[in-house]
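The values are calculated or read from the model by the stated rules, or taken from the named source; none is laboratory data. None of the values given here were measured: they were computed from a predicted structure. With ideal geometry, Cβ positions are generated from the backbone for all residues, glycine too; neighbour counts draw on all protein chains shown. Please note that ligands, DNA and RNA were not included when accessible areas were found on the heavy atoms of the full protein model with its side chains. Shrake-Rupley method; radii C 1.70, N 1.55, O 1.52, S 1.80 Å.
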Amino acid sequence: MPSSSPILLLCTGLGRINRGFEQYIASLATHISAQPGLPPPEVWCGGPWTRPGVRSRRIANLPRSHRWLKGRSQAFLWEQRTFFLGMLWHLLWRRPRVIYLGEYQLYCYLYKLRSWLGLRYSLVLYTGGQAIPGLFRPQLDFVHHITDAYLAQCTHLPAERQTVLPHFIEDDFAYDEHLIASIRQRAGHKKIVLSVGLLDKSTKAMHLLVAALAASQQPVYPVLLGASSADTAELRQLLEQHFGHHGYFMNSMLHPMLGNWYAAADLFVLCSPKESFGLALVEALWHGLPVVCRPMPETKWVLQDQAIYCAMETPWQLCTSIAQALQQNSPALQAQRRAFARQHYSWTSLAPRYQQLFQQLTHTSNTSNISSTPTPQSSFINHHS
C-alpha cells in the first residue's frame, strides 16, 4: 500500500556513519515528526537506524566501507548507485510526493528516473554537500541553502524556488563532571586545544594543526576527535613525535559525548580549507569556546565576528592566531559566544522557519508551486541582525 508520508528524507550513510549530514537528517526527522500540524516524514537510510516517533526504512545497498569499495575513490558514488537500485521498488510502490536529500548523485538519478517514467515527485536538494543543481525543474524542485554562499551560482534558478535556512544545533550533548575533570587532569597545566572532524590531511587538514601546536611557545594538549581515514596513522605518528604517548588524545566519538570535550577545552581550531557550514565551529561557540578557522565565505557568514580568522598559509600564522585566541577566554566573552549560538542556531530559534518550509513542501504536489520569501537571503539577514 502506498505510503501516507508525503515527504521522504534520504540519507545513504545513516545507520552506518555519524558525520554531519547523517546527524542532520536524524535530528531533522525527529524534530519535524514532533511538530504539530505537520505530517511526519519517513526516513530511508542505508544502515540500521531507528528513533522513537520516526518512521524509517532500511534500503539494501553496498556501504562505502564495504570490502569491495573501501579505499576506492568512487566508494561513495557506488553507495549512492546501489542505494538508488535498492529503493526503486519502494519508490514506485509507495509514491512519495516530496523527496528531500543532500547527496547529489542520488538527486541526479532520481531526477532522470522521474523524467523517464513521467513521475511527479518534487526533489528538494540540501546544499550542505556544496552541490549546485544543474538538473532542475522549476515547477517541481526546490533548493535548501544553509548559507548564502551559493546564491550567486544559482541565478539560473527561480528565486522563489530557493530558501536560505541554516543548520541547527542538535543539543543532545551529555556531560559528566567526573569525565570533564579527568580530561583536564590528563592535560595537566596545558591548554586543551580541540578540533573535531575527519582525521585526515586534505578535508580537515589536521596535520596543519599538529604542526602549529608543535611550534607553539605555549604548553598545549591537542585533542583531535573524528572518524578515521587513511591519514589517521600518520597523524598519530606526528602527535607521538611532538607530544609523546600521553601528551595528546585522538579518537572517534559519538556526538552526545562530544559535550564533555567541548566543556573541558580551552580553544577550538578547525583548519579545514573548505566548509559548507562548519557545524563543529558553531558547537564550539555553543560551549563558549574561542574559535580559530579560515576566512571562508561560509564561515564568515555563519560566525560573523565571533571567530578569529586565520589564512593558515603557514603553521606560524596559525601559531599567532592560537596565542591570540587563548587570551580571549574571559567569562564575559564565553557568555557572548554562547548567546550568539543559541540566538541564531538553536532549534528553538529556527523551528518556526523549518516548520514553514515543511508546510510548503507538504503542499507542493497539490499546488506545483512552493512559495518562499521575496529574496532567498532576506529572512536570514534579519535573523542575524
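Here are the numbers for this structure:
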read-out: Label-point separation, ALA332 to ARG120 (7 Å along Cα→Cβ), nm; value: 6.1
read-out: Residues of the stretch 205-235 with amide N under 17 Å of a point placed 7 Å along Cα→Cβ from ARG186; value: 220-228
read-out: Global size of the chain as Cα Rg and Dmax, reported in angstrom; value: 21.5, 66
read-out: Cβ-derived FRET efficiency at R0 30 Å, ILE132 paired with SER228, nearest 0.05; value: 0.50
read-out: Using a Förster distance of 41 Å, the FRET efficiency for TRP347-ALA75 (Cβ separation, nearest 0.05); value: 0.80
read-out: Positive dipole terminus of the chain, leading residue within LEU9, VAL98, LEU113 (C-beta point charges); value: LEU113
read-out: Distance from the stretch 105-160 to the stretch 294-322 (C-alpha centre basis), Å; value: 31
read-out: Solvent-accessible area per residue, Å², over the stretch 186-322 with all protein chains present [probe radius 1.4 Å]; value: 37
read-out: Virtual spin-label span in nm between SER252 and SER65, 7 Å along Cα→Cβ; value: 0.4
read-out: By average C-beta atoms within 10 angstrom, highest first, the peptides 30-42, 239-251, 93-105; value: 93-105, 30-42, 239-251
read-out: Share, in percent, of DSSP beta bridges within the chain that are antiparallel, nearest 5; value: 5
read-out: Above-threshold pairs, the threshold being 19 Å between Cα atoms, out of LYS191/LYS300; LYS204/LYS300; LYS204/LYS274; value: LYS191/LYS300
read-out: The stretch 71-111: Rg to Rh, with Rh as the Kirkwood radius over Cα pairs; value: 1.01
read-out: Solvent-accessible area, 1.4 Å probe, carbon plus sulfur percent, for the stretch 142-228; value: 50
read-out: Highest-fluctuation residue, ALA29, ALA280, ALA60 considered, GNM on the chain with Cα pairs under 10 Å; value: ALA60
read-out: Sorted peptide list for 73-80, 195-202, 325-332, criterion being average Cβ within 10 angstrom, highest first; value: 195-202, 73-80, 325-332
read-out: For the chain, calculated [θ]222 nm from helices alone, where every DSSP H run of n ≥ 4 adds -39500 (n - 2.57); value: -12500 deg cm²/dmol
read-out: Contour excess over end-to-end distance, with Cα ends at GLN241 and ALA214 and 0.36 nm allotted per residue; value: 8.8 nm
read-out: Whether the stretch 1-149 is rounded, prolate or oblate, judged on the alpha carbon gyration tensor where a/c under 1.5 counts as rounded; value: rounded
read-out: Highest average packing first - 281-291, 172-182, 351-361, 207-217, Cβ atoms within 10 Å; value: 281-291, 207-217, 351-361, 172-182
